[in-house]
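The next block holds one structure in the form of structure tokens; read it before the comments.
The values are calculated or read from the model by the stated rules, or taken from the named source; none is laboratory data. Please read all numbers here as calculations on a predicted model, not as lab measurements. Note that each Cβ is placed from the backbone with ideal geometry, even for glycine, and that neighbours are counted across all protein chains shown.
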Amino acid sequence: MKLRFAWLILMGMLLIVACKADVCPAASITYVPDAASLPDLAAVLEAVPSGGPFTVQIGGKTIEADRVIHGPLCNDHWSGTVYVDCDIQIVAWTEEEGSKFLEDCDLVIEPGTVVYVAAHNNAAYYKGCASCHGGAERTPAP
């Protein structure tokens, strides 16, 4: 009886893990050789769609985002609620150096900003991205 119960629990766990799909399809992120290959802040801000807030579906819930990020992840200024979509461009890295693609990146994230990241299965981050992906925690000058 105990063995049958353990088998059912194991099969249920495998089913749950097998059904979970990644939010971003393979090859949706573009990797560039270095931060200099990405456009500067003026070009990025010029391409930002005006208007907002934007609605984004996350796990059956609808959230309102002040910005939805497509394209280059560097050379930008974020505040409010930001959704980083799958079709981004980041600096490539090696296993030895780790995913520190923000090291030479000019990305300012205002205090209090919530960043949802599609490539991390839509997880919400409340303290920026630099602690995991390199770069300095920067806040704008007053």
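For the reader, a short list of remarks on this structure follows.
- In the range 80-114, the residues that are aliphatic (A, V, I, L, M), under 13 Å from residue 58 (Cβ atoms) and out of contact with any Ser or Thr (no Cβ under 8 Å at 6 or more places or on another chain): 84
- Among residues of the range 53-72 that are β-branched (Val, Ile, Thr), those with a Cβ under 8 angstrom from a residue that is surrounded by 11 or more Cβ atoms within 10 Å (Cβ to Cβ) and assigned to a loop (DSSP other than H, G, I, E, B), sequence gap 6+ or separate chain, pair up as 58/122.
- Identity of the residue in the range 9-25, hydrophobic (A, V, I, L, M, F, W, C) and closer than 17 Å to residue 122 by Cβ, that ends up modelled with the lowest pLDDT: 19
- Residue, nearest to residue 28 (Cα to Cα), within the range 73-107, restricted to residues that are out of contact with any helix residue (DSSP H, G or I) (no Cβ under 8 Å at 6 or more places or on another chain) and among the small types (Gly, Ala, Ser): 92
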